[in-house]
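The values are calculated or read from the model by the stated rules, or taken from the named source; none is laboratory data. Note that the structure is predicted; figures quoted are calculated from it, not measured. Positions of Cβ are generated from backbone atoms using ideal geometry, with glycine treated the same way; all protein chains shown enter the neighbour counts. Each accessible area value is taken on the protein alone, full model and side chains, heavy atoms only, with ligands, DNA and RNA left out. Shrake-Rupley method; radii C 1.70, N 1.55, O 1.52, S 1.80 Å.
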Amino acid sequence: GEDVEQSLFLSVREGDSSVINCTYTDSSSTYLYWYKQEPGAGLQLLTYIFSNMDMKQDQRLTVLLNKKDKHLSLRIADTQTGDSAIYFCAERTGANNLFFGTGTRLTVIP
Amino acid sequence: NAGVTQTPKFRVLKTGQSMTLLCAQDMNHEYMYWYRQDPGMGLRLIHYSVGEGTTAKGEVPDGYNVSRLKKQNFLLGLESAAPSQTSVYFCASRPLGQGADEQYFGPGTRLTVT
């Protein structure tokens, strides 16, 4: 499969911004996604970006895409304890080809 | 709508035993998927289906079989379980169409093979 990489852990203080990074290898990606997984639950789509966009903002979430460097990031403003979860980036290269990163466990310290 | 449901939530099997995991969705989605999630790894696609009566292999299909006899159900079978199949299994579905096409995930089935 494709290679999608993320750092495994991130800790931030409540109220600070969190930035979760992801790199991918397939330049033919059509969409890139951020999913959130809370303990004992399935993945929930947070946001996505089309590959011809550089940035997308959705309330506290900002997605930045650097297509040249194949780098995707998710910024969460004013991080809350409820944001503690595992965050997965995923790239879609075809109708049914969705490749996930390893996930980044975000811990928010009160 | 219940969304995507999975049965059972937990299961322990002995090596060589067989079992079937059931995924059901009530959103009339065309596409359904089975993934496995292992520590330190992202989700990996086992098998998928683009419609009733059709299935296809994903990234890690060996040791698994699937069936999609009804549009709302997608079954994952393990004929002879091995310890390497200890994992958390997620089912997902999505509608037919263009665009971002969000996949909707079930809550997962935690399987342990001893």
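Scanning region B:84-101 for residues that are outside any strand (DSSP E or B), under 23 Å from A:Y48 (Cα atoms) and open to solvent by less than 20 Å² (accessible area, probe 1.4 Å) returns a single hit, B:A100. I'm checking my understanding of the structure. Among residues of region A:1-24 that are closer than 17 Å to B:G42 by Cα and more than 15 Å from the chain's Cα centre (by Cα), which one is surrounded by the fewest Cβ atoms within 10 Å (Cβ to Cβ)? Residue satisfying both the conditions and the ranking: A:G1. For B:A81, the requirement of being modelled with pLDDT of 95 or more, of a type outside the set (V, I, T) and part of a loop (DSSP other than H, G, I, E, B) is met. Residues in region A:28-42 that are over 17 Å from A:S73 (Cβ atoms) and either of a type in the set (D, E) or at pLDDT below 90 (or both) were compared, and the one that is surrounded by the most Cβ atoms within 10 Å (Cβ to Cβ) is A:G42. Return the residue satisfying two criteria in turn: it lies in region B:73-83 and is open to solvent by 50 Å² or more (accessible area, probe 1.4 Å) and farther than 22 Å from B:A2 by Cα, and of such residues it is nearest to the other protein chains (Cβ to nearest Cβ). Ranking the candidates gives B:P83 first. Under the condition of being at positive phi and open to solvent by less than 70 Å² (accessible area, probe 1.4 Å), the residues counted in region A:53-74 number 1. In region A:58-94, what residues are of a type outside the set (G, A, S), out of contact with any strand residue (DSSP E or B) (no Cβ under 6 Å at 6 or more places or on another chain) and farther than 12 Å from A:T47 by Cβ? Selection gives A:N66, A:K67, A:K68, A:D69, A:D78, A:Q80, A:T93. A:K56 - would you say it is basic (K, R) and under 17 Å from B:L43 (Cβ atoms)? It is false that A:K56 is basic (K, R) and under 17 Å from B:L43 (Cβ atoms). When only residues in region B:23-66 that are acidic (D, E) and within 12 Å of another protein chain (Cβ to nearest Cβ) count, which is most open to solvent (accessible area, probe 1.4 Å)? Only one residue fits best here, namely B:E59.
For B:K70, only one of the following conditions fails: (1) within 14 Å of another protein chain (Cβ to nearest Cβ); (2) among the basic types (K, R); (3) open to solvent by 10 Å² or more (accessible area, probe 1.4 Å). What is its number? Result: B:K70 fails condition (1) only.
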